[in-house]
Every structure is written in structure tokens, then in C-alpha cells.
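What follows is a set of notes on a single structure, which appears directly below.
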Amino acid sequence: MFKNVFIGAADHWNVRHAGWLLASHRQEWSTTWVNGANAVPVVGTPLAIGLAVIVLVFVVFAKPWSDALVTLAHEGGHYSMAILTGYRPNSYEVDEDGGGGTGYESDWWSPLRVLRIFAGYATPPLLGLGGATLIARGHTWSVLVIALVLLLASFLIATNSIAIAIAGTAVLGIGAALAIGSPQVQASLAVGLVWLLLLGGMYDALTIPRGNNSSDIAKLQRDTVIIPRIAWKAAFVLIGLFCLYKGGRDLLQA
């Protein structure tokens, strides 16, 4: 009897000890990585300002590399909205010049198709605004985790070699930063990604070619008939400006 009581007590102690060790390691991991990245001063610091300048130069002068990264988000917007609206996407590609395309098994007209087309240029700046809001609220580490999940999804649905290579490289880079990067590296990468979406999305909207009959604004004009291309371009520019203004304030406020 005493033996059974002793064994039961020992088992209970082992369970409690294992639980304590697990909680201790979890707390240590959270403090070292999650809280470490979140604790790095970012908002209103020279880091945020310097990264904004670097990303702006990258967006303007490093085409098509900068275009290709923003295109992943742009086409991801089309792809996601197609799933939500029942259009069954079957391709997700990035071109050598930084452009891209999303294909569909069926492409009938409906008001939902307008929403699907509209989602492309709206997605990068809106994602950037969401990331800036998270950073401003002290959730810098979460930005990298969300980016990793979205890029991994892009890698899995990509249907040409360029999209696979770009998404795969980005997944490896962000994954390495999360796994072995210092809190400062993680914070810098998160802020850089947010600036890329904000500035790259704005630049893309400003440079939409009005004379290209295969562009999103041309498709939107054909689908709505009475709304001209310039109105759709203005809408995308306004979205980009709003997101850049609000997201920039979140990152640069003292």
C-alpha cells in the first residue's frame, strides 16, 4: 500500500516537474525571441526613417526586383479574392519584368469579378498598413510570422519558376531571421517589409499604364462600362496614399 502511495506521489511530482520545465522553457523562449523583437525601439527612431529611405531607393531604382516582391502580394490579392468569390484560380505567376498574372478556370462576369480585379492593387498597401499598425502596437514579431505564413502560401500555389524562386527565397530568409536572427535583425526586417508594401504599393498605383488594355484598370473599365480607367487609377492611388500616410505616421511618430 505504502509502495503504491509512494509511486503515485512520485508520478505526480514528475508530471508537475515536467509541466514546470515546459512552462519555464516556453517563458524563456517567449522572452528571448517574441518579446525581444517586440522590445526593440522602432517607432519614431532613425531605424524606421533610414529603412524608409533605403526601401524607397530600392522601389524606384531596383526594378524589377522590387516589383516582383510587391507582385506576390498583388497577385495574392487576386488569388485570395477569387477563392472567396468562387472563381477557382488555377495559376499564380510572376514574370521576368516584375509583373504577374493569376488565371481562373472560369471567368464569367458578375459584380464579384469587379471586386476580384480591384483586390490586386489594393492588397499590398493594405497589408503594409496592417503591418505598420501591428508594429506601432508593439507586435513587431507577429509581422514576420504573418509574412512567413503568407509567403509560404504563395510558394505552395506558385505555378511558374520565378514565383516559386522569389517566394521560396523570401520564406527561407524570413524563416532564418525568426530562427537565428537577433531581435534587432528581426525588427529591421519587419519594418523593411512594411515599408516595401507601403511604398511599393503606392509606386505601383502611380505607374499603372493607362494605355495597356490588359491592365487591371482596363479590365475594370470594361466590366463597369461607365467608370473610366482614370477613375480606377485614382481610386488605387488614393488607397495607396491613405495607407502610406497612416502607416508612415504609425512608424515615424515619436
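Some observations on this one:
- Quick note on region 66-132: its Rg to Rh ratio, both from C-alpha atoms and Rh being the Kirkwood radius, is 0.99.
- Considering only Cα atoms, the convex hull volume of the chain works out to 164 Å³ per residue.
- Legend: translational diffusion of region 113-230 by Stokes-Einstein, Rh = Kirkwood radius over C-alpha pairs, 25 °C, 0.890 mPa s; D = 154 µm²/s.
- Counting charges near residue 119 (Lys, Arg +1; Asp, Glu -1) among other residues having Cβ under 14 Å from its Cβ returns a value of -1.
- Pairwise centroid distance, computed over Cα atoms, of region 166-229 with region 62-83, Å: 5
- Degrees between helix 65-85 axis and first principal axis of the chain (Cα, 0 to 90, nearest 10): 90
- Think of each Lys and Arg Cβ as +1 and each Asp and Glu Cβ as -1; about the Cα centre, that makes the dipole of the chain roughly 580 debye.
- C-alpha long axis of helix 140-157 to longest principal axis of the chain, angle in °: 60
- Against the main long axis of the alpha-carbon atoms of the chain, helix 229-252 sits at an angle near 30°.
Where a number appears in this text, it was derived from the coordinates with a stated rule and is not lab data. Given the structure is predicted, the values throughout are model-derived calculations rather than measurements. For neighbour counting, all protein chains shown are included, and Cβ atoms are generated from backbone atoms with ideal geometry for every residue, glycine included.
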